[in-house]
Structures are given as structure tokens and as C-alpha cells.
1. Could you please let me know if SER212 is without any contact (Cβ under 8 Å) to a residue 60 or more places away in the chain and within 16 Å of SER147 (Cα to Cα)?
2. Of all residues in the range 223-247, count the ones that are out of contact with any Gly (no Cβ under 6 Å at 6 or more places or on another chain), part of a strand (DSSP E or B), closer than 22 Å to PHE187 by Cα and open to solvent by less than 70 Å² (accessible area, probe 1.4 Å).
3. Confirm whether SER212 is closer than 30 Å to GLN309 by Cβ, touching a His at 6+ places or on another chain (Cβ under 8 Å), assigned to a strand (DSSP E or B) and small (Gly, Ala, Ser).
4. With the requirement that a residue be within 22 Å of HIS256 (Cα to Cα) and open to solvent by less than 30 Å² (accessible area, probe 1.4 Å), what does the range 283-299 give you?
5. Out of everything in the range 257-280 that is small (Gly, Ala, Ser) and open to solvent by 20 Å² or more (accessible area, probe 1.4 Å), what residue ends up being modelled with the highest pLDDT?
6. Residues being surrounded by fewer than 21 Cβ atoms within 10 Å (Cβ to Cβ) and in contact (Cβ under 8 Å) with a residue 24 or more places away in the chain: count how many of those fall in the range 144-166.
7. Considering each of ASP178, ASP206 in turn, give the residue that is touching a strand residue (DSSP E or B) at 6+ places or on another chain (Cβ under 9 Å), among the charged types (D, E, K, R), open to solvent by less than 30 Å² (accessible area, probe 1.4 Å) and at pLDDT 90 or above.
8. Residues being open to solvent by less than 50 Å² (accessible area, probe 1.4 Å), outside any helix (DSSP H, G or I) and within 11 Å of LEU278 (Cβ to Cβ): count how many of those fall in the range 300-332.
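The values are calculated or read from the model by the stated rules, or taken from the named source; none is laboratory data. What you see is a predicted model; the values in this text were computed from it and never measured. Neighbour counts are summed over all protein chains in view; Cβ atoms, including those assigned to glycine, are modelled from backbone coordinates with ideal geometry. Keep in mind that these areas ignore ligands, DNA and RNA; they rest on the heavy atoms of the full protein, side chains included. Shrake-Rupley method; radii C 1.70, N 1.55, O 1.52, S 1.80 Å.
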Amino acid sequence: MDDKLTTLELAADWADRFDELTADERRELARWLGETPKNAAAFARMRRLLGDPALIDALDGEDSPIQDLPPLQQLRSGAGTRRHGRSDRRGPLVGRRQAIAAGLAGALALPFAGLWFAREQAAETSPSLRFATRTGERLRFQLPDGSGLLLDAASRVAVDFSEGRRHVRLEQGAARFDVRHDPLRPFEVRTPHAGMVALGTSFSVDHLAEASELRVFSGRVRLDVAGQAARVVPADRWALVHGASFSTGSFDPATHPDWQSDWLDADAMPLGFAVQRLARYSPAPVRIADPKFASLTFSGRFRLDNPRQSLELIGALFGLKLMQRKDALYLV
């Protein structure tokens, strides 16, 4: 029997007995879940499986490969072999669970299981919650696990939490995450440029058009970039992923919390990045008339809550003037 099937069988057994576990058994389950992320993922999947009426109906149907076993609904209602209030591992219930696990492992060969897996995968990749802010609006939210979320202006996240994982997709703008510790469910934030996995921490992520910036306020964050080795970014450090390039540096969270205190803190920041960040607070869209200026860098502190004044000051550093045109503000 291969390892994958063994994991599914164990997960099925734990999931089916979950509501009946003693305190010692719960500690044993916690140890097993902590051995590997695969165990936690399999357990979460089996918990969802056993609560899915459509799959139960399919398993109990005439074409089911386990139709010779007692009906699952009957077994789950208490008609199976019991000792001291819980299932006898040697009785028909465990055989039923093992058959379910075997069916999952061979899902591609079973039409009903394949259909259920397609539905389950769609559910896993379809975020259940979205949080968003408008231009110039900054809001604080609490995520389903108790973690804190602070959204910058004109920002949007999609949240997909399950029993086995906590996944957040930063679709637009910037966000700070104060993560509640849960070793059984990794907390991951993704942008098109990188993935960030919290290792017990508070951090912010800024999603720009061609880059993503990570700032770690406490704890550590693992940064995953396609084609590169994973890096661990500790507290008081920032990391910027821009195309194929990667840069990092230090900052003082107490004096330079960046957008969270209405400031744009620029340290050799490209003009294009600054315009994108200030545009989140501007009622009118902001553009750079000549794209060649977007890569020019500057340093300084500028107010986010007065984007027009800040754009005028920054533009003056490069001999650019802010002009109002019909469709937007332009640095020309």
C-alpha cells in the first residue's frame, strides 16, 4: 500500500471519529497533523468529504464500488459496531472509510469521485470572502481565523480559508496582516509576483503593476519567487520583487510604518511606484506623460492624504509639472 493511500485512510479514520475523540486522542491527532502539511491537508479534505451529501449518495448508489458494505448514513447514525461509545476499528465502519479512501486515491477512474473532486477543487480555488476599500479609504477588518487585516486605499483581497489552509490573494493595492498563530494552517499571501508564508508574524504586502514589496514588522515571512530559492525575511526588513530582480533592506517600523500612518516613505523609490501609491488616494487618475521617467528614483517623505501636493513636490525633483487634463492628472 503506498504512502498516499495510507495517509488518506488515516485521515478518513480521524475525520469520521472527530466528534467522538477523547482528550488524549485529540492530542494524538494534533501530533499527527503536525508531522507534515500533507496530513493536515488530507484531514481537511476528508472532513469535507464526509459532510458532503452528494458524495454520500453517490457512494451508496447502485454503481458504487463499495455497495456491498453497510450504508454510510446508517453507520454514521450509530448502527455500526461500537465499543465504549466509538467505532470499533475492526468493524464495518473502518472498512467503509478505507473504501472511501481507496476511491479517492483512484478518483480518476471513478466517475462519481472525479466529479466530486472537480467540485471540491473548484471550491478550494474560489475565494469565499472579499474585502475592498475605495479611493482614499483605509479600513481594518478581522479575518475568519481572528487575524487582523488593514487595507490600504483602493485595495482588494480575496480570502479562502479552509480546515487545512489560509490563503489570501492580494488582487490590488496594499494590505497589512497581523497573523493569528495556527501551526496546522499555514497563512499565505499571494500576488502575481510572489508568495509570502507567515512564520508567526505581522507584515504588509504592496502589489504594484510590475512588482511586489514585503515589509516584516515582527516574526518572519518566507518569500517564494518563481525560479528562485525561497528566502526568509526577518523583522525590520523589506524585500522587493521587481521582474527578475530582487532587493532587500532594513527599516524602522516605529518611525517608518509607510502608508499605515499616511506617509509615502521613499528610499531610492522609482517614480512609477510612487505614482501608483499616490493614485490610491487621488480622486483623479494619475499618469506620467513620458514613461521613460517612471524608472527615475528619489528619496523623501510625502503625505498620502494630500496626493496632489505630494505629486507636485516629487515632480519638481525631476523638473516635471503636474497638470490637469480632461481624463487625469499628468506629470509632464
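1. Details: without any contact (Cβ under 8 Å) to a residue 60 or more places away in the chain: yes; within 16 Å of SER147 (Cα to Cα): no.
When the stated conditions are applied, SER212 does not pass them.
2. Qualifying residue count, the range 223-247: 6.
3. Details: closer than 30 Å to GLN309 by Cβ: yes; touching a His at 6+ places or on another chain (Cβ under 8 Å): yes; assigned to a strand (DSSP E or B): yes; small (Gly, Ala, Ser): yes.
So SER212 passes the test.
4. Matches in the range 283-299: PHE298 only.
5. At the first step, the residues of the range 257-280 found to be small (Gly, Ala, Ser) are 261, 266, 268, 272, 274, 279.
Then drop every residue that is not open to solvent by 20 Å² or more (accessible area, probe 1.4 Å), which leaves 261, 268, 279.
On the way: SER261: 87, ALA268: 91, ALA279: 97.
Out of the qualifying residues, it is ALA279.
6. Start the filter on the range 144-166 by keeping residues that are surrounded by fewer than 21 Cβ atoms within 10 Å (Cβ to Cβ), which leaves 144-146, 148-150, 156, 158-163, 165.
After this cut, where a residue has to be in contact (Cβ under 8 Å) with a residue 24 or more places away in the chain as well, the list is 145-146, 148-150, 156, 158-163, 165.
Final tally of qualifying residues: 13.
7. Numbers: ASP178 fails: open to solvent by less than 30 Å² (accessible area, probe 1.4 Å).
Criteria check complete, one pass: ASP206.
8. 5
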